[in-house]
Amino acid sequence: MDMRPDPLVMMTSSVQDQAPKPVKVAAKNVNVYYGAKQALKDVSVDIPVKAVTAFIGPSGCGKSTFLRCINRMNDTVASCRVEGLIQIDGKDIYDPALDPVQLRARVGMVFQKPNPFPKSIYDNVAYGPRIHGLSRSKAELDEIVEHSLRKASLWEEVKDRLKDSGTGLSGGQQQRLCIARTIAINPEIILMDEPCSALDPIATARIEELMAELRSNFTIIIVTHSMQQAARVSQRTAFFHLGILVEKGETSQIFTNPTDKRTQDYITGRFG
Amino acid sequence: MTDITSGEFPSSIRRVEFDSAESKARLRGRYKSEARFKAYGIVALVITTSFLLALLTSIVSRGVPGFFQNYLVTEVLVDAAKIDPQGKGTPEALRAGDYSAVARAALADAIPGINERQLKKELNGLLSSGAGDDLREMVLANPSLLGQRIRTPLLLADQADIFLKETESAVRVFADTRGSATPSATTGDITILVSGNDFADDVALIKAELVNSAVALEKNIALRAGRGASAESLADLKAQAAELRQRAAGTASETLDSKTASRLVAINGGVVKVKEMTPTSVRGDVIVPLTTTAEAAPGTWQIRVYDRPEADRNMNDRAATFLEQLKSKGLIESKFNWAFFTRGDSREAELAGIQGALVGSILTLLVTIGLCLPIGVLAAIYLEEFAPKNRFTELIEININNLAAVPSIVFGLLGLAVFLNFFGLPRSAPLVGGLVLALLVLPTIIIASRAALKSVPPSIREAALGVGASHQQAVFHHVLPLAMPGIMTGTIIGMAHALGETAPLLMIGMIAFIVDVPTSLTQAATVLPVQIFLWSDLPEPAFKMKTAAAILVLLAVLFLMNGISIWLRKKFERRW
Ligand SMILES: Nc1ncnc2c1ncn2[C@@H]1O[C@H](COP(=O)(O)OP(=O)(O)OP(=O)(O)O)[C@@H](O)[C@H]1O
Ligand SMILES: [Mg+2]
């Protein structure tokens, strides 16, 4: 891909100007390389606070890569190199003075495959608050656990077996447990990488409801392969293709009136 | 990104057919190869299982008798005159007492009337030199036993013990004697005249034996002559063969010697060892004195035969007779040999135990695990989780893998050069043994631990990092606990390896004959496999039995360790 300025970027930046909500995450000219291979090319996007932003695009286009830049999860991949600027609340998160571990405590992540710790349900949720010293007493910790599980609408199902292993839950319950675990550290931003890909429609619906609810407190970024899901849960959508951010804007606008041919082809199912 | 709706699937590509001859042939071929593979597998399994079974049964059948020991259980007079002649009554005096004499007196009571010096020596030889040891402990614990008669087990010597355990040295008894027998005296060199021809069969047998020996000898001569041996060198053998032939042909009384089966006559409560026999009379030496010279009715006297010639046995006829006598009085008992586990090594097989070696092994392994586990696990965690991937760490990795393949004797040489010669640590000490074995198993533990760490799914790591755990927290809170069963399994297998290791310990002098059970890390000690090696080298049959018994103990410990590691693996089976 050549490096000439993308007209779309300029066009959608005007959309962003009209956006009612302030910017939470701002990315400018982000390039990501795995070794010699470039996975993201010049990605610039603004993500509004307390809203759901969806990343869509064909497989391998770099959605997860970009998501993982926002909480610096890519630092754990030895071959990965990130260039450009990513700011949260105007603060550069790749600033050497910033501790990536602290960053991850404020930018929670829910993974594609439910990955509860092989520990009790209670310990799964309590782990984050414990290591960050978020509770002063056992009672406070109990409260955090209950609150998080309630928020993840899992409380009613597990309140009588908090001591059972988290890995003994069903797939959908496990994913909600992972969400509760993320909520428990009270992050500002929640990153979700295809959180519903392993779930049945009922569990998916519950997690979508959950996102609608969490939106009032958290900034949520979700990667999804389901157009319907993106349309249902998100306010803003960004479409990636071959490492390029092709188009971004209000979800309704992207789905009803895409400006780019590639976006149009993708959302109408012409390729992917 | 291709539009799959456009374009026909090429029709030239064939499809699997159910009924065509070709596909049937292919199917048959596949079934055949599967059946063949299965057959190979079963054959391999049968071969390994049968080898294993043969090995185990051989070891168990040899080793199990080693766990039992025969005792003479009889009335013992705890004679104050022998134990504490000055009547001091102090523990030192009691400890210094001659308890062997007490044991010998008890034996003399069990078979009275043996006065001849040589016979007396033979009889006392049945008892172990440590026969009085248990008695000493009893008296020391309870001095009021002095002067009393107690029934207690007295340890038998190893040869007596082996004789009682071996079935092929059993005596054959012929009790259906046809004539009445009359002994000429009750002790010494006597003649027994028999009214029937009870010995005719035996004489015929001996003659047949002589003929057999002569034939074997002649065959040997022919073979040698065929190979071109000179006439002079064969003259001796020829003369021997001729003599055997002549003896077989003769009708005179037949002489028994240590190369033929032994025959004894039990008559009037005594036993006579036959020296010469004719069909109707025998001459021989009395072993156990007869009560009278009265005529013994047919069936009241016996002929006893030891088929194995005296020369091939460790017990001669006299000792064997005494032992049979004790056995027939019901004074011999076989008991589980607890002392095997509570005694150190000894030159006397019946007194030798494995406690010294067991304690030595435990001390050595303590040093090994104390060094290996922390160093190995920390090295594995660092290499697997934290070390930068560069040339240097790669080199270290390769070297660790190579170390695991270095022959164990090399580690022994290293230990000798470094720990003994350079650092001047004591020879034969568990400390040095432990250090050497630690070097030996460290690579195994590091490799096993790294494999265990690597097998923890990355999703767990990501989950921990995702909630803001640091790398170190993720490793120590989540990865390490999940890897622990694998690490433990690797460690136990490494320890089992160390427990069975002999060669490197020989190099650092852990092969000495050590009687005392070690109590510290720097005291001279030996370990179980080295003890086995030492015993297996000794000629006494009793030590062969001990060797097998010690191997059983070693195997039991190894099986136990492996069992624990399997149990750990099962218990903490992957739960994600
Ligand atoms: N650890 C890695 N090492 C090397 N290349 C990687 C790595 N992770 C991802 N890539 C490459 O980066 C590109 C983008 O991958 P990414 O996982 O971001 O795609 P994605 O959009 O999330 O796809 P999907 O929808 O299938 O999850 C791909 O070409 C992939 O091969
Ligand atoms: Mg992805």
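The values are calculated or read from the model by the stated rules, or taken from the named source; none is laboratory data. Keep in mind it's a predicted model, so treat the numbers as computed, not measured. Because the Cβ atoms are built from the backbone with ideal geometry, glycine has one as well, and the counts that use them run over all protein chains shown.
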- line: Filtering strands (runs of 3 or more DSSP E) wholly in the range A:27-143 for at least 3 residues that are away from ligand 1 (no atom under 16 Å from the Cβ) gives A:37-48, A:80-88
message: I'd like to check something: does the range B:487-500 contain any residue that is surrounded by fewer than 19 Cβ atoms within 10 Å (Cβ to Cβ) and more than 23 Å from B:Ile362 (Cα to Cα)?
response: no
message: I'd like to know if the range B:73-94 contains one or more residues that are over 37 Å from the mean Cα position of the chain (by Cα), within 15 Å of B:Arg136 (Cβ to Cβ) and of a type in the set (Val, Ile, Thr).
response: yes
Near pairs, Cβ below 8 angstrom, 6+ apart or cross-chain, from the range A:93-105 (more than 8 Å from chain B (Cβ to nearest Cβ)) to any residue that is aliphatic (A, V, I, L, M) and assigned to a helix (DSSP H, G or I): A:Ile93/A:Ile70; A:Ile93/A:Leu103
message: Test of understanding: among A:Ala198, A:Ala152, which residue is within 16 Å of ligand 2 (Cβ to nearest atom) and modelled with pLDDT under 90?
response: A:Ala198
Selection within the range B:67-87 - buried (at least 18 other Cβ atoms within 10 Å of the Cβ) and part of a loop (DSSP other than H, G, I, E, B): B:Val78, B:Asp79, B:Asp84
query: For the range A:144-161, how many residues are in a helix (DSSP H, G or I) and more than 14 Å from chain B (Cβ to nearest Cβ)?
result: 9
task: Mind listing whichever residues of the range A:59-81 are within 11 Å of ligand 2 (Cβ to nearest atom) and surrounded by 16 or more Cβ atoms within 10 Å (Cβ to Cβ)?
output: A:Cys61, A:Gly62, A:Lys63, A:Ser64, A:Thr65, A:Phe66, A:Leu67, A:Arg68
message: Quick check on this structure: which one of A:His132, A:His225 is touching a residue at least 40 places away in the same chain (Cβ under 8 Å), surrounded by fewer than 21 Cβ atoms within 10 Å (Cβ to Cβ) and within 13 Å of another protein chain (Cβ to nearest Cβ)?
response: A:His132
query: What is the residue count in the range B:423-450 for residues that are within 26 Å of B:Ala387 (Cα to Cα) and in contact with an Asp or Glu (Cβ under 9 Å, 6 or more places away or on another chain)?
result: 4
Lone qualifier among A:Asp75, A:Asp46 - being without any contact (Cβ under 8 Å) to a residue 40 or more places away in the chain and within 24 Å of A:Glu208 (Cα to Cα): A:Asp46
field: Any strands (runs of 3 or more DSSP E) falling wholly within the range A:166-253 and containing at least 3 residues that are over 14 Å from A:Gly108 (Cβ atoms) and more than 14 Å from the chain's Cα centre (by Cα)
entry: A:236-241, A:244-250
- request: Give the residue, chosen from B:Thr260, B:Thr251, that is β-branched (Val, Ile, Thr) and surrounded by 15 or more Cβ atoms within 10 Å (Cβ to Cβ).
  value: B:Thr260
task: Considering only the range B:456-508, give the helices (runs of 4 or more DSSP H) lying wholly within it that have at least 2 residues that are touching a Ser or Thr at 6+ places or on another chain (Cβ under 6 Å) and more than 8 Å from every other protein chain (Cβ to nearest Cβ).
output: B:480-499, B:503-507
